[in-house]
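Below: one structure, written as structure tokens.
The values are calculated or read from the model by the stated rules, or taken from the named source; none is laboratory data. Quick caveat, the model's predicted, so the values are computed rather than measured. Note: ideal-geometry Cβ built from the backbone for every residue, glycine included; neighbour counts use all protein chains shown.
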Amino acid sequence: MAVEQQKKKEFLFKVLVIGELGVGKTSIIKRYVHHVFSHGYRATIGVDFALKVLGWDADTTVRLQLWDIAGQERFGNMTRVYYKEAVGAMVVFDVTRATTFEAVSKWKHDLDSKVTLPSGKPIPTVLLANKCDGDGGDARGEWSDTAQLDRYCRDEGFVGWFETSAKENINVEAAAQLLVQRILAND
Ligand code: GTP
Ligand code: MG
């Protein structure tokens, strides 16, 4: 009797994690991939990598190659190299420091000017409002109300936003889930 072979699909996606110094990019990746958090801060130098393997559904495996780009790289000249062939991105800011939100559009414009999908469309990008656990206080300004942040995301071309905490494990998975959905939709 013939056994029908199931068609298994495998994807490898390069995903960028960008945003200002100390907003929690490395912490979000550590939480997502290794399920840990630490209070200590060691600035990333250049770029770090991590791999997250997702059993997306019964027939689909998704491998996310996460590129953890140092905040200070916005002032360097390597981002074009780092962004190459990425198919998705997370832009992170720190809700306790308003200046990190002001830099979000700078990161987004840097990204959109240097990488697109093969179709020429911008790569799907989610916005993460990190440290929403309230540990370091909250300097809410422009992102204080949901409708405003929704509008901001539409204007700036983000596929969505999440209040996240790497510390308390809030919405890290949800943000990644939305991003992967949008990447798969483009595939
Ligand atoms: P660079 O590598 O310099 O670009 O910084 P980064 O964005 O990778 O920041 P990192 O993850 O190293 O975190 C910076 C500091 O913020 C560390 O002391 C973390 O412990 C702290 N931190 C990160 N995420 C959170 C969070 O969700 N909540 C709180 N309260 N602290 C956080
Ligand atoms: Mg880092």
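Based on what the data block shows, is ALA139 outside any helix (DSSP H, G or I), at pLDDT below 95 and either at positive phi or surrounded by fewer than 19 Cβ atoms within 10 Å (Cβ to Cβ) (or both)? Taking the combined requirement at face value, the residue satisfies it. Taking region 90-123 as the range and being surrounded by 16 or more Cβ atoms within 10 Å (Cβ to Cβ) and among the charged types (D, E, K, R) as the test, the residues that pass are ASP94, ARG97, LYS108, ASP110, ASP112. Look at (1) surrounded by fewer than 18 Cβ atoms within 10 Å (Cβ to Cβ); (2) within 12 Å of ligand 2 (Cβ to nearest atom); (3) under 23 Å from LYS108 (Cβ atoms) and you find that THR26 fails only one, number (1). When the residues of region 34-61 are filtered to those that are away from ligand 1 (no atom under 11 Å from the Cβ), surrounded by 15 or more Cβ atoms within 10 Å (Cβ to Cβ) and within 16 Å of the chain's Cα centre (by Cα), the one that is farthest from LYS131 (Cα to Cα) is LEU54.
Residue check: LEU16 meets all listed conditions (1) assigned to a strand (DSSP E or B); (2) more than 12 Å from ligand 2 (Cβ to nearest atom); (3) free of Cβ contacts under 8 Å to residues at least 60 places away in the same chain; (4) not small (Gly, Ala, Ser) but one, namely (3). Is it the case that some residue within region 105-126 is in contact (Cβ under 8 Å) with a residue 12 or more places away in the chain, acidic (Asp, Glu), in a helix (DSSP H, G or I) and out of contact with any His (no Cβ under 8 Å at 6 or more places or on another chain)? Among the residues of region 105-126, at least one is in contact (Cβ under 8 Å) with a residue 12 or more places away in the chain, acidic (Asp, Glu), in a helix (DSSP H, G or I) and out of contact with any His (no Cβ under 8 Å at 6 or more places or on another chain), which makes the answer yes. Just one residue in the set SER27, SER105 is at pLDDT 95 or above, within 10 Å of ligand 1 (Cβ to nearest atom) and polar (S, T, N, Q); that residue is SER27.
Quick check: anything in region 40-49 in contact (Cβ under 8 Å) with a residue 60 or more places away in the chain, outside any loop (DSSP other than H, G, I, E, B) and more than 18 Å from ASN169 (Cα to Cα)? Step through it out loud before you land on a result.
Start the filter on region 40-49 by keeping residues that are in contact (Cβ under 8 Å) with a residue 60 or more places away in the chain, which leaves none.
No; the residues of region 40-49 include none that is in contact (Cβ under 8 Å) with a residue 60 or more places away in the chain, outside any loop (DSSP other than H, G, I, E, B) and more than 18 Å from ASN169 (Cα to Cα).
Criterion first (among the β-branched types (Val, Ile, Thr) and more than 9 Å from ligand 1 (Cβ to nearest atom)) does VAL81 satisfy it? When the stated conditions are applied, VAL81 passes them. ALA185 satisfies every condition listed in (1) in a loop (DSSP other than H, G, I, E, B); (2) closer than 21 Å to VAL62 by Cα except (1). Every test in (1) within 11 Å of ligand 1 (Cβ to nearest atom); (2) among the β-branched types (Val, Ile, Thr); (3) at pLDDT 95 or above; (4) more than 16 Å from the chain's Cα centre (by Cα) is passed by VAL17 save one, and that test is (4). Could you tell me whether GLN177 is without any contact (Cβ under 8 Å) to a residue 40 or more places away in the chain, in a helix (DSSP H, G or I) and closer than 24 Å to LEU12 by Cα? So GLN177 passes the test. Inspect region 65-77 for any residue being assigned to a loop (DSSP other than H, G, I, E, B) and away from ligand 1 (no atom under 16 Å from the Cβ) and give the result as yes or no. Yes: region 65-77 contains one or more residues that are assigned to a loop (DSSP other than H, G, I, E, B) and away from ligand 1 (no atom under 16 Å from the Cβ).
Of the residues making up region 74-87, one or more are in contact with a helix residue (DSSP H, G or I) (Cβ under 9 Å, 6 or more places away or on another chain), within 15 Å of ARG182 (Cα to Cα) and away from ligand 2 (no atom under 16 Å from the Cβ).
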